[in-house]
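Rule-based calculations on the coordinates, nothing more; no lab input. Owing to the predicted nature of the structure, the values given are computational and were not obtained by experimental measurement. Please note: Cβ atoms are built from the backbone with ideal geometry, for glycine as well, and neighbour counts cover all protein chains shown.
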Amino acid sequence: MRTLGGRYRLMDRIGLGGMSEVWRGHDHVLDRPVAVKIMDPGVEGSLGIPGVDLVRAEARSAARLAHPNVAGVHDFGTSPGPGTEVPYIVMELVEGQTLSEHLAAGRLDWRIGVRVCAEVAAALAAAHAENVVHRDIKPANVMLTPAGAKVLDFGIAAMIGSPDPDPEGPVMGTPAYIAPERFDGLPATPASDMFALGTLLYHCLSGRLPWTARSHTELVMAQRFADPEPLPALDDLPPEVLDLVSRCLARNPDERPTALVAALLLAESVDARVYVPLAEVAPSMRRPPTVSPWTERAAAAPTSAAPAQYPDEAPHPEDIHVGRHRAT
């Protein structure tokens, strides 16, 4: 079996995409299962960025995020390939089925769909708080596990407002989930992720996409000029969820809600709990950071051992310092 970096043994391939393949692996050093994503050398540089830089950027984007609904990144490295270095990312191995596999059997119960999308929105809120946009939210990149939904594949993630690697090339992402303004050459923003979330929520509730089209061109035109097809009637679906779908799919990105608002609203509608960042709290509500006197004393205290003290010698109050060790 192939081993990368002297520690990651590749067991079997569990995923294959246009730019990479994912393997189930084992980390010899920490004795744990991992997922290893390997860049396909055949497409290296096809997006205008050398393959190593592209995958390193992905690893850094995802490594910034520590959230229960985001698959964690453990390591990045390169492996010798035919005439080039092949980059790879070592990630948390997420066991479960993708949302696309579940949707292939039909629409979800609306309560399940809303809960899943609440967790996806919470993951996006965490990413956006770190100035990272995913750019490819879709059912295939959401894994459903016993512990909840996990957002996968920050492979084309980017910092907010950064341009596409190849401005003249195709828009990065999956056409049905790409926001209309992206086809005008505008950079990815949190609002474009929210359009994808709205499409995801619509798909979960209806079992289909918001627009019917026979080609990508028809789909783009429908997204730009036509309203989404009405959702089917669903018993007890809260009206605020319907309103959220509509706002996420708004053609004007300024009219879309934030991921934080979407996560809280969706979670409340199904009495679920999500973990969201507090980065959007108004500055006037934030307390200035304070450092306790104990912390200041601890930081300034010497770390070397002091001379031994005889048992019958009582310490002087001024000799007692945090971090100083005396033998007794």
For Phe76, residues with placed amide H under 5 Å, excluding near neighbours: Val90
Label point distance in nm, Leu278-Glu218, each placed 7 Å from Cα along Cα→Cβ: 5.1
Residues with amide H under 5 Å from that of Leu93, placed H, sequence gap 5 or more: Ala35
Gain upon complete extension [Asp254, Met1; 0.36 nm per residue less C-alpha separation]: 86.0 nm
Whole-Hz ³J(HN,Hα) from phi, Karplus 6.51 cos²θ - 1.76 cosθ + 1.60, for segment 213-225, glycine and proline x: 8, 9, 8, 4, 4, 4, 5, 4, 5, 5, 4, 7, 10
Listed peptides 235-241, 177-183 by packing density, highest first (mean Cβ within 10 Å): 177-183, 235-241
